[in-house]
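A quick write-up on the structure given underneath.
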Amino acid sequence: MRSDRIPLVALAGQPNVGKSTVFNLLTGLSQHVGNWPGKTIERREGTFICDGRVYRLVDLPGTYSLTANSAEEVIAREFIVREKPDVVVALVDAAILERSLYLVAELVSLPAPVIVGLNMMDVAHQEGLEIDVQKLEAALGVRVVPMSAAHNVGVRELVEAVDQAVRGEYLYAPRRPAIRADHAEVLAEIERLVSPWTPSPYPPHWVALKLLEGDEEITRLMQAHLPAEQWETVHKILKAHEDALVAVASGRYEWIRQVIRAAVSRPRRGQISLTERLDRWAAHPFWGLVILAGILGLAFWLTYTVGLPLVDLLDAHILQPLAGLSRAGLEPISPWLAGLVADGLIGGGGFMLTFLPILVIFFAIMGILEDVGYMARAAYVMDGLMHPMGLHGKSFLPLFLGFGCNVPAVLGTRVIESRRARLLTALLAPLIPCTARMTVVAFLTPIFFGAAATWVSWGVVLLSLVVLAASGMVISRVFLRGERAAFIMELPLYHIPNPRTIGLFVWQRTAEFLRKAVTVILPVSLLVWALSVLPGGTMENSYLAWLGYRLEPLGRLMGLDWRLVVALLSSFIAKENAIATLGVVMGTGEDAGLARLLAQAYPPATGLAFLAVQVLFIPCVATVAALRQEVGWRWTLFNLGFQLTVAVVVGAAVYWLARLGGL
C-alpha cells in the first residue's frame, strides 16, 4: 500500500451484531450518510485516526451471507472484491457465535485480510458461554479481538489490530472452509475451466464456488465471459451436480463446528438464559401482542404527551410572534412581501419545524427499542397479522408510526431488509390517518354530526384502515407480483442499549429531516402560497381557486363544491390547512361562524364524504418528499395517482351511500 493512500477498512457483519455501535464509536460525527450508487440502501462512511494515520471506514449492509439473494449481499461482496479494502473487520456476536460465523466462512475466501471483532462478550458471559479467544484465533487462522462495544470495551484494541494489519505487522493465514469431499474434484475442474476467463478482480476459486452454489449474478457474469463451447462444458458439469450447493454449505458448517468445538464451552444442559425467559412472554403468540400493544401505547403516549406541548410552545412563542413581527415590519414596505414571509416562509416551511420535538422523541424511543433487541420481537409477533396485506412483521412498526406523522413512517421503512416489503410499506404508510388529518376530523365531525361525532370519527379511522388493508392486497397482487420474499428474522439477544449509538441515530435522522425541510418543503410551501394569492391578492381570485373551479365537476361526484376542493388542495402543504382554507373561502375565521356556515352550506352526506376524502387524499408535501427520497419519483407518482383514485372512488361511494341513507 502506498504511504500517501488513506487505508480503507470495511465493516461487515450480520444484522444485530452491533455494527452501528462500533461504527459510531469509531467515526462519531465524522461520518456521511447517503445511498449506494443506484440503490436506495443506506451507505454510511466515516473516518477515524490511529497513531496519527487517518483511516476510511465503510459500513457494509448487514448480511447473513455473500450469495446474491438480496441487494445488500451483492453490495457487500462487490465492494470487497472491487474496492479491495486493506482490512475487512468481520463483527460477530459472541453469544450466537455459531450462527455469526457463516459470514466469516465466506469472507475468508476473498482476498482482503479479515479481522474478527468478537462483540457482545458480556452478553455471552451472561448466557453462560465461555470462549477461549486464543483457541478461536488458532482455529480460524485470523486475528480475533474480544469486545463489548456497548460499553466501549475492546474498541481501541480493534483499532490497533487494524493498524497492525495495514502496517504489515499481521501475518494473515486463514484456515478456509473446504467443500465436502465428494465435490472437491468437481470444484477443482470448474476452477480449471473458468480460471483463464475469470474477469479481474474476481478470484477464480471464489467464482468456481459461487457457480457451484448457483449464484445468479456470478453465473450471468461467467456466461458472458466464457466462450460458448467452454460455457457449455461448465454448464453440463453444473447440471450434473445440482446438489453442489449442499456440498458447499456442508463444508462451511463443518468448518464452523470444528471452530466451536475448539474454542467454546457451552453452559450446562437445562440452564435457561435471560433472553429465553423474557421471550417466553415477548415472543408469545398472545402475550407478545399484549406486551407489544403496551410498549407501543406507552411510546405513543410519551411522544405526544411530551412532544405536543412543545409543538404548541414553539408555535405560540416563536412562529406566531415571528410571523406577526415580520408582517408588521414588512407590511409598510410591501404587503405582498409581508405575506410571502409571514404566511409562505414562516407559516408553511416554519410550521413543519415545530414537529421536531415529536420526531426527536420518537426517534429516541425507536433507537432504544432497536438497540435493546426488542424490535425483532415486535416484527415476529405481528408477522401473521400483516400477511393478508402482502407484508410481514417488520412492516408493522413504520405503519404504526404513521398515526403520529407519515414522514417518519416512510423513513422508518429503512429497517425492512426486503426491497419489495420496504417499497410496499412505504406506499401504504401515507394511508395511515396522522395527527394532522385527525385534527381536521376532530374539528369537522361535531359540525355535521353533533352528539354522534365520536362514533363518526372512529368510523372514519376504521374506514382508512380498511382501505389500507385492501390497497395492500391490490398493490401486492397486481403491481408487485412475483417479488415476494420469505420473512427470515434473527432474534438477537437482549442487551443494554448504547447511549452514544442512540444519540447519533437521533441526530442523523433529525438532520435528515431538517435538510428535507430546507430543500423541499420550504420551496413548495412558498409556491403553494403564491398560487393562493396570485394574481389578484385574494383566495377567491387566485390560481388555486381557478384550479378549484376546474376540478369542481370531479368534486361533485363526491358532493364537494369548489371551496371544499380548494381546501383539499391546500392540505397538500399541511393537512390542517384545510380548516384555515375553509375559513378564508367561506368568508370567516376559524370560529363558531365557520361552523355555522359549514352546517348551513353542506348536508351531512357532503361532510362525511369530505372527511373520508380528507383522510385518504394525497399526502402532504413532507411525506411526498420522503417518498421520493425512499422509493424514487416513479413509485412516488404511482402512489399519488393510486391514492387520489382511491380517495375519489371511496369519497363518491360514501357520499351516495349516505344520500341513500337519508343524510
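Here are the numbers for this structure:
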read-out	value
Cβ-Cβ FRET estimate between Arg634 and Arg477, R0 fixed at 30 Å, reported to 0.05	0.95
Among Ala12, Pro146, Ala105 - extreme Cα towards positive end, dipole of region 8-166, charges at beta-carbon	Ala12
Net length gained if the chain between Ile496 and Ala653 were fully extended (0.36 nm per residue, minus Cα distance)	51.4 nm
Calculated FRET value between Val153 and Glu216, using beta carbons and R₀ = 41 Å, to 0.05	0.50
Rounded to whole Hz, the Karplus (6.51, -1.76, 1.60) HN-Hα couplings of region 604-621, x for glycine and proline	x, 4, 5, x, 5, 5, 4, 5, 5, 5, 4, 6, 10, 5, 3, x, 5, 5
Spin-label proximity, Val246 to region 90-111 - amide N less than 11 Å from point 7 Å beyond Cα toward beta carbon	none
Gained length - Lys239 relative to Gln126, 0.36 nm times residue gap less alpha-carbon distance	35.9 nm
Label-point gap, in nm, between Gln600 and Trp507 - each point 7 angstrom along Cα→Cβ	5.8 nm
Hypothetical label at Gln164: residues of region 78-98 whose amide nitrogen lies under 11 Å (7 Å Cα-Cβ projection)	none
Exposure proxy ranking, count of Cβ atoms within 10 Å, fewest first, for Leu319, Leu427	Leu319, Leu427
Under Karplus coefficients 6.51, -1.76 and 1.60, residue-wise ³J(HN,Hα) of region 180-185 in Hz, glycine/proline x	3, 3, 6, 10, 4, 5
Computed Rg/Rh of region 8-166, alpha carbon atoms with Kirkwood Rh	0.94
Loop sites in region 129-205: trypsin sites (Lys or Arg not before Pro), DSSP, at most 15 other Cβ within 10 Å	Arg167, Arg175
Translational D in µm²/s for region 181-265 (Stokes-Einstein at 4 °C, 1.567 mPa s, Kirkwood Rh from C-alpha pairs)	95 µm²/s
Stretch gain in nm, segment Tyr543-Glu42, where the contour uses 0.36 nm per residue and the Cα spacing is subtracted	176.4 nm
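None of the figures in this text is laboratory data; all of them are computed from the coordinates on show. Everything quoted here is computed from the prediction, not taken from an experiment. Methodologically, a virtual Cβ is constructed for each residue, glycine included, from the backbone with ideal geometry; neighbour enumeration extends over all protein chains shown.
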